[in-house]
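Reviewing the structure listed below.
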Amino acid sequence: MSGRNLYMPQLATIVRITEETHDTKTFTLRFVDDEYRRQFSFRSGQFVEVSVFGAGEAPFGFASNPNRKEDFDITVRAVGRVTRALHQKREGDVVGVRGPLGNHFPFEEVFGYDILIVGGGIGLPPLRSLIEPMLDARERFGRILILYGARTPADRVYKYLLDQWGKRQDIEFLQTVDVGDETWTGHVGVVTTLFDKIQVDPARTVAFTCGPPIMIKFVIQGLLAMGFDPDHIISTLERYMKCGVGKCGHCAINHKYVCTDGPVFSFKQMQAFTEPL
Ligand SMILES: Cc1cc2nc3c(=O)[nH]c(=O)nc-3n(C[C@H](O)[C@H](O)[C@H](O)COP(=O)(O)OP(=O)(O)OC[C@H]3O[C@@H](n4cnc5c(N)ncnc54)[C@H](O)[C@@H]3O)c2cc1C
Ligand code: FES
């Protein structure tokens with residue numbers, strides 16, 4: 001994607017809207033310009049700045065498989081001005097998209113390793129964008145373990161995918177909720193309580209995590225206690241962003257810009273930050 005003007009939003013049509021939970025929707029976006037669409041590509045872990053005209057612009061991680069070429073997904077929780085305006089949109093409406101922005105998850109670098117993925121709540125979408133290409137290239141990886149936690153059964157995103165993952169023989173998938181309900185027969189407890197149910201060899205495993213900051217903190221603590229090397233713990237960081245291209249300084253943590261040096265960091269890199277995460 002070199003040579004692209006990353007300051008210039010491109011028009012994209014919302015071709016599909018999928019209701020995930022009471023406050024979260026997945027938007028499938030397709031660039032209006034045929035040539036732009038053909039040349040567009042992204043890597044798992046990158047993000048886009050989406051402008052909702054009249055409301056503003058906000059960053060969202062890619063939520064779909066980068067091998068899917070015609071369109072891509074973002075999964076958005078309505079929390080404020082831009083996200084609520086996006087939730088008001090209908091299929092066929094048009095938004096602006098700048099990107100792809102930021103760095104990406106290591107992929108080829110972890111060929112041959114066992115993979116442990118730990119997602120929490122709305123942190124699953126960027127991980128889905130990593131899990132799906134890993135499943136496309138399944139033979140390149142050792143074991144793939146996916147742990148997912150949400151507040152309640154209804155708060156789980158991609159329920160249709162979770163069912164499929166649960167049935168696959170070539171991955172190990174466990175899910176949990178903080179608080180169950182009358183429909184829930186599965187595990188109850190925060191996502192780190194699933195660590196007791198798995199056995200991994202930390203020396204040959206790379207862990208990827210994404211979720212609310214408090215979850216990430218406890219996941220990292222748990223992984224370190226299991227014996228993971230800080231270099232083998234990969235997470236994404238969220239910071240308040242404006243430009244998304246390393247110019248405005250809004251997303252700075254010490255000497256790093258989350259928008260260009262991140263949003264993907266290893267825990268080893270995070271340890272060098274003096275500011276609390
Ligand atoms: C790299 C990156 C990837 C992201 N990916 C996703 C995604 O895939 N899906 C998704 O739903 N959201 C994602 N976010 C968060 C999303 O950008 C914010 O929810 C959005 O900017 C809020 O904009 P708003 O105008 O709706 O809210 P505002 O009106 O600006 O704020 C509403 C409330 O949300 C709080 N808020 C705003 N931004 C953030 C933030 N970044 N983190 C925590 N609280 C915030 C504000 O303090 C305020 O309380 C991502 C953020 C980053 C930096
Ligand atoms: S958002 Fe402007 S420098 Fe990162």
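Quick note: the coordinates plus some simple rules give every number you see, no bench work behind them. The shown structure was predicted, so the numbers you read here are calculated from the model rather than taken from an experiment. Backbone-built Cβ (ideal geometry, glycine too); neighbour counts: all protein chains shown.
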(message) Take Gln39 and Phe273, extend 7 Å from each Cα along the Cα→Cβ direction, and tell me the distance between the two endpoints in nm.
(response) 3.4 nm
(message) Checking a compactness column here: for region 10-101, what do you get for Rg(Cα) / (2.2 N^0.38 Å), N being the number of residues?
(response) 0.98
(message) Out of the chymotrypsin sites (Phe, Trp or Tyr not before Pro) in region 185-277, which ones are loop residues according to DSSP with at most 16 other C-beta atoms within 10 Å?
(response) Tyr240, Phe273
(message) About the Cα centre, and with charges only on the beta carbon of Lys, Arg (+1) and Asp, Glu (-1), how big is the dipole of the chain? Nearest 20 debye, please.
(response) 540 debye
(request) Apply the membrane-span-like helix rule to the chain: whole DSSP H runs, Cα extent along the own long axis of at least 15 Å, mean Kyte-Doolittle hydropathy at least 0.0. List the helices found. (result) 124-136, 213-226
(message) For Cα pairs less than 8 Å apart in space and 6+ apart in sequence, what is the mean separation divided by the residue count of the chain, i.e. the relative contact order in percent?
(response) 17 percent
(message) Rounded to whole Å, give me the distance from the Cα center of region 203-229 to that of region 19-38.
(response) 31 Å
(request) Quickly estimate the mean residue ellipticity at 222 nm for the chain, helices only: each DSSP H run with n ≥ 4 gives -39500 (n - 2.57), and the total goes over all residues, rounded to 500. (result) -5500 deg cm²/dmol
(request) Before anything else, pin down the relative contact order of region 108-236: Cα pairs under 8 Å, at least 6 apart, normalised by residue count, whole percent. (result) 30 percent
(request) Round to the nearest 0.05 the FRET efficiency obtained for Ile198 and Ala55 when R0 = 51 Å and r is the Cβ-Cβ distance. (result) 0.75
(request) Using DSSP, restrict attention to beta bridges with both residues in the chain and report what percent are antiparallel, rounded to the nearest 5. (result) 60 percent
